[in-house]
Every structure is written in C-alpha cells, then in structure tokens.
Protein chains: 2
Amino acid sequence: MDTFVPTFTGTDRTIVIVVGVVALVALAIAMVLRAQVLAAGTGTPRMQEISAAVQEGASAYLGRQFRTLAVFVVVVFALLFVLPADSAGERIGRSIFFLVGAAFSAAIGYTGMWLATRANVRVAAAANTEGRERAMQIAFRTGGTVGLATTGLGLLGASFVVLVYVGGAPRVLEGFGFGAAMLAMFMRVGGGIFTKAADVGADLVGKVEQNIPEDDPRNAATIADNVGDNVGDCAGMAADLFESYAVTLVASLILGSAAFGAKGLVFPLIVPAIGILTAIIGVYITRARANESGLATINRSFYISAGISAVLCAIAAFTYLPSNFADFGDNFAGIAGNPAVIAFVSVIIGIVLAAVILWLTGYFTDTNKKPTQDVARTSLTGAATVILSGISVGFESAVYTALVIAAAVYGAFLLSGSLFVALFCIALAGCGLLTTVGVIVAMDTFGPISDNAQGVAEMSGEVSPQGAQILTDLDAVGNTTKAITKGIAIATAVLAATALFGSYSNAIANALASAGEAAADAADGMASFVSNIVSPNTLVGVLLGAAVVFLFSGLAVNAVSRAAGAVVYEVRRQFREIAGIMEGTARPEYGRVVDIVTRDSLRELATPGLLAVFAPIAVGFGLGTGALAGYLAGAIGTGTLMAVFLANSGGSWDNAKKLVEDGNYGGKGSDAHAATVIGDTVGDPFKDTAGPAINPLIKVMNLVSVLIAPAVVTLTVGSSSNTAVRIVIALVAVAIIAAAVIVSKRRASRLEA
Amino acid sequence: MDTFVPTFTGTDRTIVIVVGVVALVALAIAMVLRAQVLAAGTGTPRMQEISAAVQEGASAYLGRQFRTLAVFVVVVFALLFVLPADSAGERIGRSIFFLVGAAFSAAIGYTGMWLATRANVRVAAAANTEGRERAMQIAFRTGGTVGLATTGLGLLGASFVVLVYVGGAPRVLEGFGFGAAMLAMFMRVGGGIFTKAADVGADLVGKVEQNIPEDDPRNAATIADNVGDNVGDCAGMAADLFESYAVTLVASLILGSAAFGAKGLVFPLIVPAIGILTAIIGVYITRARANESGLATINRSFYISAGISAVLCAIAAFTYLPSNFADFGDNFAGIAGNPAVIAFVSVIIGIVLAAVILWLTGYFTDTNKKPTQDVARTSLTGAATVILSGISVGFESAVYTALVIAAAVYGAFLLSGSLFVALFCIALAGCGLLTTVGVIVAMDTFGPISDNAQGVAEMSGEVSPQGAQILTDLDAVGNTTKAITKGIAIATAVLAATALFGSYSNAIANALASAGEAAADAADGMASFVSNIVSPNTLVGVLLGAAVVFLFSGLAVNAVSRAAGAVVYEVRRQFREIAGIMEGTARPEYGRVVDIVTRDSLRELATPGLLAVFAPIAVGFGLGTGALAGYLAGAIGTGTLMAVFLANSGGSWDNAKKLVEDGNYGGKGSDAHAATVIGDTVGDPFKDTAGPAINPLIKVMNLVSVLIAPAVVTLTVGSSSNTAVRIVIALVAVAIIAAAVIVSKRRASRLEA
C-alpha cells in the first residue's frame, strides 16, 4: 500500500488549514478560561500560604522530572535518527517531531499542574463563601482549560505535519506520537509514584499510627500529598490524555493515508476539529442545577456535546466523502458500500463507546450505585472482605469494559470487507472517541482539583462545615470522573493499538518488499508475514506480552511501597525529633518530605520506563516479527483488562471509604472505617500509579514495534540478513531490562537495611 | 497430515502393552502404600471421632457433587455424540472415552479424599507419639498413593486407547482428555469454593470476632473447614493433576500420531512410563534426615527421581527412535537433525522446566526465603502494606514463571525447522514434565494432610506442644509444596495448550480440505486459515480470551465471598442461640455448616463451569476460527500469569502469617498478626479457588475449540456454509453464559437482603 502517494487538492489544503485554525481557537479559549479561573477569589492568607507551598513543590518536582527525562529524550532522538525510513527528509522530520511530541506532552502536563495548583485554593474559597455552584464552576473551567489545551495542541501538531509533509506525514507522525507517548508514560509513572508514595506514607503514619485526620497540618507529608495530586493526577493525566489524543490521531492518519490517500489524511482531522467545537460548547453549558449531583451535571454536558458531535460528523462525512469507493481510484472499485456511511458509522461507534464506558464506569465506582455500596457494606466483616469485594468489582467491571471495547473494534471491523478499510474504520472509531476528549479532560481535572481544594480547606482550618461538605461531595464525584477518564483512555489505547497493529503489518510488508522478497504488495506481504503466526513462536510472544503487563504493574506498585516507606520513616522522625508538632505549636518540615518523594520517584521511574521501550526491541530482534505481533496482542489484551481492573477496584475502594465516612456502617473512627481505609490504601497505587500508566505503556510498545519493524525484517530476510547482529541487539535490550530490575531490587534491599 | 495413518509393528504393540503393565504396577503399588498408611496408629478416641466427622462430611459432599455433575456429563456426552468426526467408530469411541476420562478423574479425586481423611488422624497421632520422621513418612506415603494412582490411571487409559484404536486414537483421546479436564475443572471450582468458604467463614467469626484460635472446637465451622481441605485441596487437586497428566499425554499422542505415525504414538507413552518407575523410587527414598527442613527432603527425592528419569529417557530415545528423519518415510526426508536427539532434548527441557519451577516457587513462597520474609515484615506497617507486598510478590513470581515456561516452549520449538515436528517437541517437553507428576502429586497431597492433621490435633486438644510444633512445621512446608504443584500444573497447561493449538490448526486444515476448499494439505490449510489472523478479528479474540480469565477469576472469588457470608451468619447464629458454646459445655452443630457449604458450593460451581464450556463456542461460531485462535492465545497468556500470580501471592501471605505466628514481629495476637491474617484471608480464594481452577479452564477451552473446529469450518466455508445457523449457535451460547451470570448475581442480592 506504500505506493499510494497522497496529493492534496486546493480544497483539501484549505480544510487542513481550517482545522489548524480551529486548534488555535481552542488554545485561545483555553487562555480565556484560564484568565477567568485566575480572576476568582483566592481565600484567606492561610489558604494562600498552603496553596503557595503546594505550587512550589509541584513546580520543583516537574522541573527536576523534565531534566531527568531530557536524557531519555536525547537518547531516543539519536536512536530514531539512526533507524531507517523511506527518505532522509522523513527520517529527520520523524526525529524532530519526536521532540515536538515530547515537548507538547510536557507542556500540557506543566500547564495542567500550574493551573490546578492555583485553582485549588480558589475552589476552596468559593466553596467557603460563594457556594457549591461557583466552586464547581471554577473546578470545571480549570478542567476546560486543560481539555482545550490538550486537544488544541494535539490537533495543531497533527494538522501542521499533514500540511507540510503530505505523503511523508505517516513516518513523521510516528515520531510525533512516539514522543508524546513516551513522555506521557514517564510522567504517568513518575507522577503516579510521587502522588501515591506521599499519600500512602501520609496515611500510614497519620491515620493509622497517630490517629490524626487526612490533610492534618501536623502531618509532615500533607504538603507532599497535595503536591502529588497535582503532579500525578493533573500533570500525569493531562500528558496521558494528550498522548491518547495524539497517538489515536496519528494511527488514523497513517492508516487513512495508506488506504485512501488525501481524503484519508484529511477526514481524520475534521472529526476531532468538530470535537473541539463541541467541547467548547460542553465547557460553557456545564452548570450545576440545584439538588443535582455533580456527576449528573457533568454527564449532561457530556451527552449534549456528544450528540452535537454526532450530528456535525454526519454532515462532514456526507459532504466531504464520496458515496462510492470507486471514486477513490481504480484500486477501490471492488469494495462494496458507501464510504460516507461507513465513515460516519465508524465515528458514531467511537462516540457511543465513550458514552457506554462513561455509564459503565460510573455504575461501578459511584457512591450512589450498588457495586460500591456493596463494597462499603463488606467493611462490617473486616478489611479482608473489603479487599476481596473490591477485587471482584474490579475484575467484573474490567470484563464488561473489555467486552464493550471488543464489540466496538469488531463492529468497526465488520463495516468493510477490505482489511485496510476495516482497519481505517477502527481508527476512525478512535477519532469518534477523540471528539469527547475535551470534555473528558475537563471532567478528570475536576478530580484532583476538588481533592486538593479539600486538602487546602482542611489544612487551613478556615473553611466552614458547609464549605467542607461541599468539597467532600465534589471529591467523591472526582473519584468517579477519574475512573471514567481511565476507562476512556484505555479504550483509545485499544483502538489506536489495533490500528497501529495494522500499520505494523504494513511496515513489515513494505520492508519485505524492499528486502527483495516475493512480497510485492501488502496483501502478499501480509500473507508471508503471517505464515508463521500460528506457530508456537507467536504464542510465546503472547505470553511475554501478558508478562510485561504484570511486570510493569508489579514494578509500579513496588516503587510506591518503597517510596512510601521512606516517607513513613521521615514523618516518624519528625514527630519524634521536633517537639510540639502534635500540640500544633511547632510546624513540621514539609519541604523535606517533598524532596524525598521527588528524589525517589524520579529514581523509580527508570525501570518501568526502560522495560516499556526495550522489551519490544528484545522480542522483535530476538524472536522475530511473528513473536512481536503476538507480544503486542498479548500486551493489548492483558493490558486492557489489567488497567481497568486496577482503576475501577481502586476507585470503588476510595468511594467505599467515602460512604463510610459519610456516616454509614459506623462512620469515621469505627472498625468499618479502618477496614475501608486499608482498602483505599491498597487501591491507591492500583488506580493512580500502575493502572493509568498501562495506557501509555501499550502505545509506547506499539510505536516502538512499528518503528523497529523494518530493521527487524532487514536483519531477518533477504540479502542483508544478519542473525548475529539481530541476536546481539536483543541481548543488549534484555541486559538493559535485567540490569534495571536488579538495580531497583538492590536499592530496595539497601533501603530496608 | 490426516493422511498419515499409523500402523503398529509387533514391537510397537508389545511396547504399548508393557506400558499398560507398568501403569497396572503403579496402581498395585498404590494399593500397597495405601495399606501401609492405613496400618498406622489412629490416635486417641477423641481424635478418631473428629476424623470420622471430617470423613463423613467429605464423603457426603463428594457424593452430592458427583450427582450434580452427572447432569453435565450426560449433556456433554450427548453433544459429543452429535459433533462430526472422521468415522462413526471414532465418534462413538470419543463419547465413550469422554465418560471414561470423567470417571477416572472422579475416581482419583474420590480416592485422594478418602485416603487423606484417614491419613490426617494417623499423621497427628504419629507426630504426637512417634515424632517428626514418622509423621512425615505417613503424609508422604499417602501422597505417593495418590500420585501413583493418578499417573497409573492416566497411562492405563491412554495406552488402552492407543492399543485399541491406533490410527483413530487421536479423536478418541480428545474425548478422554476432555472428560478428564471437564470433571477436574468442576471439582477444582466446587471444591475450591467449599474449602475457602468454610475457611474464610470460620476465620471471620472465630479469629476476628470471637478471638478464638484456628480449628478451635467451639467454632461451628471447624469441621467444615477440615472437610474443605480434603474436598478442595485433596480431591480437587488430584483430579486436576490427573487431568494435566491425561491432557498433556493426549496432546502429545495427537501430534505424535499426526507427525510420525506409530512411533509418534508410542514414544510419548514410554516417557511417562519411565516417570512412573522413577516416581516409585522417589516415594520410597523420601526419608527425612535429622535437622533437615521438610522441603529439603522433598526436594531431594524430586531431584533424584528427575535425574533417573532423564537417564532412562535418553536410553529409550536412542534405542527406540531412528537417528534420521528419512527413516520415518519420504515425507520427512527434507527435515534436518537426529530425531532421537531432538526427542531426548525435548524431554529434558520438560524435566528441567519442572525443576526450575520447583525452585522458583519455593523461593517465592518458602518461609526461609527473602520474598515471604519481606511480606511478613511489612506487617509492621499494617494490613495494607501486607496486601500490596504480597501482590508484588505474586506479580513478580508470575512473570518469572511465565518467562521460564516461555523459554521452554521456545526452546522446544527451536529444535526443529518443521512446524509439526516443533509442535511435537513441545508436546514431548510436556511428557518430560509428566515424568515428575507422580512425585509432585505426592508432594502436594502432603499439604492438605498436614493442614488437616494440625486441625485434628488442635480440635482434640490431646496433642503435646512438641507434636503440635511438628505439625505446624509440616503445614508450612505444605503451603510451599501446594504452590509448587500449581506452578507445575500451569506449566503443563501451557505446554499442552500450545500443542493443542497445533492440533486446532490441524483440525481446521482437515476441515477446510473436506469442505472442498483448495486446502489439500495441512500447510495450505494453515496458510488459508491464517490469512486473516493479523486482522482485528484476532485481536478481538485475544481481548476476549483475556477477559474470560478475569471473569472466571472474579466469579470464583465472588462465589467464595458469598458462601463464606452464609457460613458467618450460621456460626454467629449458633454462638447466639446455643448457650454454653464459648464455655465449652455445649457442642456446636458442625453438620449444619457442612450442609450449608455443600449446598452453596454446588450451586456456585455452575456459572464458572458453563462459562468455560460455552465461551469458546460463542467465540468460534460467532466470530470464526481466526478470532477463536486469538481467544485461545489470549486465554493461555493471561491465564498463565493470573494463575501463578494468584497461587504465589496466596502462598506467600499464608506463610507470612506463619512467620508471624512463629513469634516474629510481635507473634500471635499482635497487630502484625492481625495484618497477616487479613492477608491470608484475601489469599485464600486466590490460591485455592480461582488460581488452581485456571489450569483446567485453559485445557477445557482448548479441547472444546479442537472439538468444535470442524463444525465451525463446515458452517463458514464451502457448500454447506450456513451463517444463520452459526450465529444462532453463538447467540445460544452467549445467552447461556449471560443467564448463568445473571442468576448468580440475583442469588447474591437475595442472600444479602
């Protein structure tokens, strides 16, 4: 299919420029929303002081994180520069746009964090003096800023690449997506370790040992805990969703270009541009009605904007796309169906998928629904039953979510008899999902901001009980919206990965063709490639793919435990050595805990990060393309289930605790409460560290595979095959992973000693 | 490959008869060992009374279980009778040997339970009066009986089928393996639910609420708890390992016959026959040395018998097999390598795999090793850290185990350039693993017997502190051996499933050929079959396969929670309504708890059982053979990781609790102890219900796929293709699964109301 070189008509070029303008409009509106948020009242001096400490800690962490990651970025930049591509221009463009993708990802993360740390005190102040509606509005507008910035930057980057590179866009976009995904993965892992190490450490000493409430200013880890909410749940999440947006878009552009040339490059840009327009509407119509739960408000604006998106996408499909495949060229004459209808239905599948996941995740994690209420009730029989029931909820909801995603993939696949068109349909369903990302990010950012506002209020001690109750309610809504975002993010991961799987096959086919094999076109290439896919080789790949997901999750959970241990020792030391903390006469050294967590999380993020990048290299070069295909499939399958399981069991435990704290089953201080606190602590690294990082993990591994595929084929078949080099590369990759795992285990032993 | 019809020479026939005789010898020696166990002293009247109550409860449960399962067996027998096969004789043989496999599986389970319930009191008595060596000897000989019966019956069945059916043996063996696997799966699930519902229920009321020790006779659930050890850990485990044995053997015979004809049918019988001989040696040489841990004794006899097996297999390979592939016939002239060497190395790979898993699992779960000691130490910071560290240990060990298994599969695969020979090598590695099953079963049975002996001792109150300490030590060894068995069982599952995956492809190829497609030979058939395997279809299959493993695990854990809830209410009721229980003046009604658990576990086993049988039917008929292949791969990959994770995290929590009970970190009654009890309770359904049932689950799903493959192909391609019928079958299967899940959830709501 590489022979299909797209050329733009004047209309096509105009549309791409319009899309770029829409992206710029989104960024401009984000600035307006930002100004509105910053204009809100900033509360009492004490609240401002706390907020300033959180801002400082978060900035310091992100600054150090970016310096650490710069090393990785430079190394990968150099490797990408070396990897073969169709032309030198594409190779250089790919490397440069890798940097752009990484920079955008970082910028989005930084923006999200910057604004969130300023919004928290404003939300707390509003809850205290202006009431629930106003507090919710500020929180949601902050989310809107991040949401529009995420989608605006993603679309701007993609439309720019398409405009400049046209036919060479796919290679360059691979770099862009890879940069975004790699940085997001590191930010998810590092931020996730930070936030949960601080949270778990604070809880273990504060709630469990000293019996003081969460966010109590006597606990030296409270500021670190609040910093964590911002660097993990805000910065990490924003980067993650930016990456989901960018990679899904990239996958559809790659496949669209391969399948349909120019129109296939343009249509996937139109759909998310529509999404931006409706996200703007969504953000502005979000207004809480009296006596309505926060979740109902958010859901309403989601459904309204999704509905508008669907209508606009229908108009776009039927005006821009032809009604007959033959109009694309002679190659397409044999394909049945109406392309406009097929494209429209694909997009609708994506939008419906988002809505179903929203509903499903809400059902499984909301405090008003049966599953979480069941988990809360098991607190009467102790912590063990809380853990078991939360695990059951997680398993069950993971299965339903996977079934829904599988149905969407299969539905899109059934739309066309041609494999490449079917793959493009799946990518378009991803684009449909993307139309909701603006609102989704807004919803998600809502979570950490309410959480933090609650922290600021609690620490300042200057918020009225009514104000505190408002913030508690908003926080519970935030737990559910966070779980929903993770569900949506993993759905984009599956759709993007399935589409990338297709471009992986295409990369193999092209490489086989240029290696002088019989594979003259993609269909032949694919048949040749798959001839050994049923072999045990592939099954070994599937097993390894599943294993990487488990290893990655285990490493992340372990990193949190280790870093939390360091926090525990430091907080205990401060209680012991600084007289007067418990009486409130002396202030703990908050900054020291922030420093410790910063140092530890940056050290811990290396191992899982290296695993994600080097495992596909080891499998690909070591066992070949068949095993690598199996590996990706195994990682996608297991990763999807594991990610949803971790996110939803964690969300459910957190809200079960909230239910007990609201006075059910004995309320705060009862045995039931202690049991749910244990559940929540177990859930913390599940839902905020390991679970969300699986989403960028899947995409990083897929993109690495697409990037190395030509090199693997070159070393495997044809005249330049070289088994020794292939094996050496694989062994080096294995050695890097093994060294990273061993070093992180050594460190653990040293810490414990 | 179906054209290769094996014919036996006189030597071949003689060898098969000798194998059958070896199987009979194993059964005879099992009888001798049984008599030796029964001849041991039976302790005090109080101990005998308790033991009798356990025997009665266990027999009653198994009796009712078999009556329940009879319905399933009859239905499947009828379905098998209808499914197409090459000839009517094979079809009838397959159905009949399905019954034989199921009956053997049941018989092994029943025998294991019967002897274990009699051995427990004898081990307790020996520990009390004759010391550690004698107690260990009785426990290990009981295990030896079950081990030799398992291997003897498995080999007897297989050699009989080979002798009678020769060329038709593969089809008939599919029935034999399927019967064994299906019954084992139900026994694993039902027994697993029973044992853990009773255990968790007993602990929740006894240890947590009433603060009385485990196995205290005042707890109404103690007898049920001990019954559970026998029906779950003994009967379920024995049936499971019989199934592993039978299915692995069946897979190698099917592939051997397809690849090499007569010699391919005979050699896979010789290897396990050698295993039986060395197992007999292993059982007789197991003698505890002074000051040696129980695990060291068991490991020594394992390594000695494995070494002997290796030597004998080398002799068998080099005398029976030719040194050149061309000797098998013209078809094989092009294949490089020495068949004898290749076969020998395959078997060695299997034996080494068993040894590595033994070592690895021992490392991760033994009380003397770092991982479990780390888990125990985290008890100082509370239950949440115990849970998290146990989960980390589980994830990590699952990854290493999966890597080892993957390496074995890949290693065997590399032995030959011909795909079918490579598949046969993988199956032969499975046979190598089988040579250790006799000793493995003996080791495993050791676990529940020591656990039960401890229960009998505690309840009778008539065992000296020294005797009690001996039993506690043996119980800790038992926890590790149980985890090891699960590791070995899952390894056999992967090897057998990979091999069956090959025969699945073969079944598709044959069916395509007879459907009049171009696929005249297996290679063409396979290429045609795989032409759409990289399509999204397959990825959807992988996702569904992973989802089924999660759903199955969630259902099993949930079932335990529900059944344990019923136990809690009953025990509480007895404490409340029967005056004098706590003072020891009145006796609780043990039988009522046994009845409740029996009823609940039989009701609960239906849903996961139906899922295992009908999910592949729904995927195969609904989405086609490509998706079904993906489904199997996904289930194998995720299932392997999940099974080891559940087994090892559970084993590690159990032994962490033992470490604390031995006086570390505050000992019994401390907060640390409470934290490890929570870990152990969470781990109970992990390691004894959900985890071990995944092994037969994988095999049942694989065998169902092999059995339905021809029908799926007939309905998909060729003149008799019929989409409507295909879709209706899939929808009926989906409806059955959905109905089962909904009914089990309804029941849950009713119970809670």
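The values are calculated or read from the model by the stated rules, or taken from the named source; none is laboratory data. What you see is a predicted model; the values in this text were computed from it and never measured. Neighbour counts are summed over all protein chains in view; Cβ atoms, including those assigned to glycine, are modelled from backbone coordinates with ideal geometry.
Checked across the range A:361-376, the condition of being touching a residue at least 12 places away in the same chain (Cβ under 8 Å), more than 14 Å from residue A:656 (Cα to Cα) and β-branched (Val, Ile, Thr) holds for at least one residue.
Rundown of residues vs (1) among the β-branched types (Val, Ile, Thr); (2) surrounded by fewer than 24 Cβ atoms within 10 Å (Cβ to Cβ); (3) touching an Asp or Glu at 6+ places or on another chain (Cβ under 9 Å), yes/no style:
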| site | (1), (2), (3) |
| --- | --- |
| A:548 | yes, no, no |
| A:578 | yes, yes, yes |
| A:585 | yes, yes, no |
| A:594 | yes, no, yes |
| A:616 | no, no, no |
| A:619 | yes, no, no |
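Here's a check for you: in the range A:401-413, which residue that is of a type outside the set (Ser, Thr, Tyr) and either touching a strand residue (DSSP E or B) at 6+ places or on another chain (Cβ under 9 Å) or at the interface with another protein chain (Cβ under 9 Å from one of its Cβ atoms) (or both) is surrounded by the most Cβ atoms within 10 Å (Cβ to Cβ)? Restricting to residues being of a type outside the set (Ser, Thr, Tyr) and either touching a strand residue (DSSP E or B) at 6+ places or on another chain (Cβ under 9 Å) or at the interface with another protein chain (Cβ under 9 Å from one of its Cβ atoms) (or both), the top hit is A:412. Per this entry, residue A:58 is counted among residues that are small (Gly, Ala, Ser) and surrounded by 13 or more Cβ atoms within 10 Å (Cβ to Cβ). The residues in the range A:694-713 that are over 19 Å from residue A:622 (Cα atoms) and within 14 Å of another protein chain (Cβ to nearest Cβ) can be counted, and the count is 2. Residues of the range A:557-589 that are charged (D, E, K, R) and within 12 Å of another protein chain (Cβ to nearest Cβ): A:562, A:572. Please tell me if residue B:676 is in a helix (DSSP H, G or I), among the β-branched types (Val, Ile, Thr), touching a Lys or Arg at 6+ places or on another chain (Cβ under 6 Å) and surrounded by 24 or more Cβ atoms within 10 Å (Cβ to Cβ). For residue B:676, the condition - in a helix (DSSP H, G or I), among the β-branched types (Val, Ile, Thr), touching a Lys or Arg at 6+ places or on another chain (Cβ under 6 Å) and surrounded by 24 or more Cβ atoms within 10 Å (Cβ to Cβ) - is met.
Does residue B:538 satisfy being closer than 23 Å to residue A:405 by Cβ, touching a Phe, Trp or Tyr at 6+ places or on another chain (Cβ under 8 Å) and facing chain A (nearest Cβ under 10 Å)? When the stated conditions are applied, residue B:538 does not pass them. Listed by first and then second residue, the pairs with beta-carbon distance under 7 Å, at least 6 apart or on different chains, first residue in the range B:633-658 and basic (Lys, Arg), second assigned to a helix (DSSP H, G or I), are B:657/B:676; B:657/B:677; B:657/B:679; B:657/B:680; B:658/B:476.
Among the residues of the range B:183-231, those that are assigned to a helix (DSSP H, G or I), within 14 Å of chain A (Cβ to nearest Cβ) and over 20 Å from the mean Cα position of the chain (by Cα) comprise B:199, B:200, B:201, B:202, B:203, B:204, B:205, B:206, B:207, B:208, B:209, B:210.
To keep it simple, each residue is scored yes or no on (1) more than 11 Å from chain B (Cβ to nearest Cβ); (2) surrounded by fewer than 24 Cβ atoms within 10 Å (Cβ to Cβ); (3) modelled with pLDDT of 85 or more; (4) more than 22 Å from the chain's Cα centre (by Cα).
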{"residue": "A:446", "(1), (2), (3), (4)": "yes, no, no, no"}
{"residue": "A:473", "(1), (2), (3), (4)": "yes, yes, no, yes"}
{"residue": "A:483", "(1), (2), (3), (4)": "yes, no, no, no"}
{"residue": "A:491", "(1), (2), (3), (4)": "yes, no, yes, no"}
{"residue": "A:499", "(1), (2), (3), (4)": "no, no, no, no"}
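Residue A:243 meets the conditions (1) assigned to a helix (DSSP H, G or I); (2) of a type in the set (Asp, Glu); (3) closer than 30 Å to residue A:47 by Cβ in every case but one. The failed one is (3). Quick check on the range A:368-400: of everything there that is among the hydroxyl-bearing types (Ser, Thr, Tyr) and within 15 Å of residue A:667 (Cα to Cα), which residue is nearest to the other protein chains (Cβ to nearest Cβ)? Looking at residues that are among the hydroxyl-bearing types (Ser, Thr, Tyr) and within 15 Å of residue A:667 (Cα to Cα), I get A:381. Within the set B:602, B:646, the sole residue that is surrounded by fewer than 24 Cβ atoms within 10 Å (Cβ to Cβ) and of a type in the set (A, V, I, L, M, F, W, C) turns out to be B:602. Assessment of the range B:273-292 against the conditions (assigned to a loop (DSSP other than H, G, I, E, B), within 19 Å of residue B:29 (Cα to Cα), in contact with a helix residue (DSSP H, G or I) (Cβ under 9 Å, 6 or more places away or on another chain) and at pLDDT below 90) yields at least one matching residue.
Of all the criteria given as (1) modelled with pLDDT of 90 or more; (2) crowded, with 24+ Cβ neighbours inside 10 Å, the one not satisfied by residue A:139 is (1). Considering only the range A:714-734, I want to know if a residue exists there that is within 22 Å of the chain's Cα centre (by Cα), closer than 30 Å to residue A:607 by Cα, away from every other protein chain (no Cβ under 12 Å) and in contact (Cβ under 8 Å) with a residue 40 or more places away in the chain. The answer is no; no qualifying residue exists.
Of the residues making up the range B:333-349, not a single one is within 14 Å of chain A (Cβ to nearest Cβ), in contact (Cβ under 8 Å) with a residue 12 or more places away in the chain, among the aliphatic types (A, V, I, L, M) and in contact with a Phe, Trp or Tyr (Cβ under 8 Å, 6 or more places away or on another chain).
Every condition in (1) closer than 25 Å to residue B:727 by Cβ; (2) within 14 Å of another protein chain (Cβ to nearest Cβ) is met by residue B:610 except one, and the failing one is (2). Scanning the range A:512-565 for residues being modelled with pLDDT under 55, assigned to a helix (DSSP H, G or I) and not β-branched (Val, Ile, Thr) gives a total of 8. Please determine whether any residue of the range B:378-393 is closer than 22 Å to residue B:499 by Cα, surrounded by 21 or more Cβ atoms within 10 Å (Cβ to Cβ), at pLDDT 90 or above and in contact with a helix residue (DSSP H, G or I) (Cβ under 8 Å, 6 or more places away or on another chain). No - not one qualifying residue is present in the range B:378-393.
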